Amino acid sequence: MNEPVPVTRAVDHGTAKLMPDVDRERAWLLTVDGAPQSYVDLDEPAHLEFEYTRRIGHLVDTLGEPGEPLDAVHLGGGALTLPRYVAGTRPRSRQHVVEYDSGLLELVLEHLPLPEGSGVRPHVGDARVWLESAPSESADLVVADVFGGSRVPAHLASLGFVREAGRVLRGEGVYVANLADGAPFGFLRSQIATVAEVFGETALIAEPGMLRGRRFGNALLVGSRGPLDVAAVARRVASDAFPARVVH
């Protein structure tokens with residue numbers, strides 16, 4: 001059997017590289033301009049290597065009944081890690097993935113193809129534009145992971161954008177945004193206020209050190225019009241190798 005080799009390609013917004021993991025037979029790391037973007041294990045899609053994706057996975061695991069199919073929208077595709085996770089843990093789910101970089105999506109689908117019958121439909125386009133055209137009350141989950149470089153583009157962090165996500169979600173559907181900030185948390189505070197205008201329930205998931213302002217890092221901002229199972233999420237994220245807290 002041939003050993004997997006790295007794949008490098010110029011995409012629309014930089015240089016993407018797929019690197020095989022020497023410790024896992026069919027696992028790959030995706031980087032863009034040297035920055036890690038996604039990690040995928042094709043044989044074990046439930047394996048979530050990155051901390052923030054694992055935390056989103058924990059959140060997803062608390063939605064509805066275990067294994068119940070979900071209608072999900074993923075804004076920002078990367079290597080399709082979370083759609084693969086949902087497809088693997090909740091068969092018959094229907095998912096849409098919107099990726100702005102057509103070259104990146106082409107690379108991923110060519111070298112890390114989705115399994116037949118995954119229920120995942122990839123789209124190329126701007127997340128806001130696509131969301132505005134989506135039917136109302138058509139999704140149980142909207143995930144926004146839409147960094148442009150190290151920041152979220154302004155039109156994907158606005159009240160109008162979050163309102164569109166709220167419109168697309170069903171009554172007790174869940175919105176989760178992957179954000180990055182550091183003390184004094186000006187951006188994060190503004191996003192919390194924005195999400196609270198649309199959703200009655202909000203929660204923040206992050207490492208304690210990041211919440212204390214000790215370092216720049218990722219935080220997951222969650223919103224829903226229905227009750228969030230905060231206790232279940234908190235137990236799961238606290239048990240990780242790098243524990244996180246839930247602020248509710």
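The values are calculated or read from the model by the stated rules, or taken from the named source; none is laboratory data. For clarity, every value in this text was computed on a predicted model and none was experimentally measured. Virtual Cβ from ideal backbone geometry, glycine too; neighbours counted across all protein chains shown.
Any idea which of (1) farther than 23 Å from SER93 by Cβ; (2) assigned to a loop (DSSP other than H, G, I, E, B); (3) modelled with pLDDT under 95 is the one ASN218 doesn't satisfy?
Of everything listed in (1) farther than 23 Å from SER93 by Cβ; (2) assigned to a loop (DSSP other than H, G, I, E, B); (3) modelled with pLDDT under 95, ASN218 misses just condition (2).
If you take the residues of region 39-51 that are part of a strand (DSSP E or B) and without any contact (Cβ under 8 Å) to a residue 60 or more places away in the chain, which of them is nearest to PRO91 (Cα to Cα)? Even if it seems obvious, please write down each step before you answer.
We begin by selecting, within region 39-51, every residue part of a strand (DSSP E or B); these are 39-41.
Checking the rest, the ones that are also without any contact (Cβ under 8 Å) to a residue 60 or more places away in the chain come to 39, 41.
On the way: TYR39: 21, ASP41: 17 Å.
Among those that are part of a strand (DSSP E or B) and without any contact (Cβ under 8 Å) to a residue 60 or more places away in the chain, it is ASP41.
Return yes when VAL7 is modelled with pLDDT of 95 or more and surrounded by fewer than 22 Cβ atoms within 10 Å (Cβ to Cβ) and no when it is not. Give the steps one after another, and end with the answer.
Numbers: modelled with pLDDT of 95 or more: yes; surrounded by fewer than 22 Cβ atoms within 10 Å (Cβ to Cβ): yes.
Considered against the rule, which asks whether it is modelled with pLDDT of 95 or more and surrounded by fewer than 22 Cβ atoms within 10 Å (Cβ to Cβ), VAL7 comes out as yes.
Being buried (at least 21 other Cβ atoms within 10 Å of the Cβ), closer than 28 Å to SER158 by Cβ and β-branched (Val, Ile, Thr) is true for just one of VAL60, VAL40, VAL124. Which residue is that?
Details: VAL40 fails: closer than 28 Å to SER158 by Cβ; VAL124 fails: buried (at least 21 other Cβ atoms within 10 Å of the Cβ).
Selected residue: VAL60, the only one of VAL60, VAL40, VAL124 that is buried (at least 21 other Cβ atoms within 10 Å of the Cβ), closer than 28 Å to SER158 by Cβ and β-branched (Val, Ile, Thr).
Kindly evaluate GLU132 against the criterion of being of a type outside the set (S, T, N, Q), closer than 23 Å to ARG55 by Cα and surrounded by fewer than 19 Cβ atoms within 10 Å (Cβ to Cβ).
Working: of a type outside the set (S, T, N, Q): yes; closer than 23 Å to ARG55 by Cα: no; surrounded by fewer than 19 Cβ atoms within 10 Å (Cβ to Cβ): yes.
For GLU132, the condition - of a type outside the set (S, T, N, Q), closer than 23 Å to ARG55 by Cα and surrounded by fewer than 19 Cβ atoms within 10 Å (Cβ to Cβ) - is not met.
Limited to region 12-35, what total is found for residues that are in a strand (DSSP E or B), farther than 15 Å from GLU106 by Cβ and modelled with pLDDT of 95 or more? Explain how you work it out, then say what you get.
We begin by selecting, within region 12-35, every residue in a strand (DSSP E or B); these are 14-20, 27-32, 35.
Adding the requirement that they be farther than 15 Å from GLU106 by Cβ leaves 19-20, 27-29, 31, 35.
Next cut, modelled with pLDDT of 95 or more only: 19-20, 27-29, 31.
Going through region 12-35 one residue at a time, the tally reaches 6.
For GLU51, state whether it is under 25 Å from SER239 (Cβ atoms), surrounded by 16 or more Cβ atoms within 10 Å (Cβ to Cβ) and of a type in the set (Asp, Glu). Can you show your working first?
Details: under 25 Å from SER239 (Cβ atoms): yes; surrounded by 16 or more Cβ atoms within 10 Å (Cβ to Cβ): yes; of a type in the set (Asp, Glu): yes.
So GLU51 fits the description; yes.
From ARG84, ARG92, ARG54, ARG9, grab the single residue that is of a type outside the set (Gly, Ala, Ser) and part of a loop (DSSP other than H, G, I, E, B).
ARG92
Which of the residues that make up region 16-34 are more than 21 Å from the chain's Cα centre (by Cα) and surrounded by 13 or more Cβ atoms within 10 Å (Cβ to Cβ)? Write out each step before concluding.
Applying the first criterion (more than 21 Å from the chain's Cα centre (by Cα)) to region 16-34 yields 20-26.
Result: PRO20, ASP21, ARG24, GLU25, ARG26.
Have a look at GLY166, GLY160 and point out the one that is surrounded by fewer than 22 Cβ atoms within 10 Å (Cβ to Cβ), within 15 Å of LEU75 (Cβ to Cβ) and in contact (Cβ under 8 Å) with a residue 40 or more places away in the chain. Full working, then the answer.
Numbers: GLY160 fails: in contact (Cβ under 8 Å) with a residue 40 or more places away in the chain.
Criteria check complete, one pass: GLY166.
What strands (runs of 3 or more DSSP E) completely inside region 112-213 contain at least 1 residues that are touching a Gly at 6+ places or on another chain (Cβ under 8 Å), at pLDDT 95 or above and more than 26 Å from HIS13 (Cβ to Cβ)?
Per the criteria, 139-144, 169-181, 201-206.
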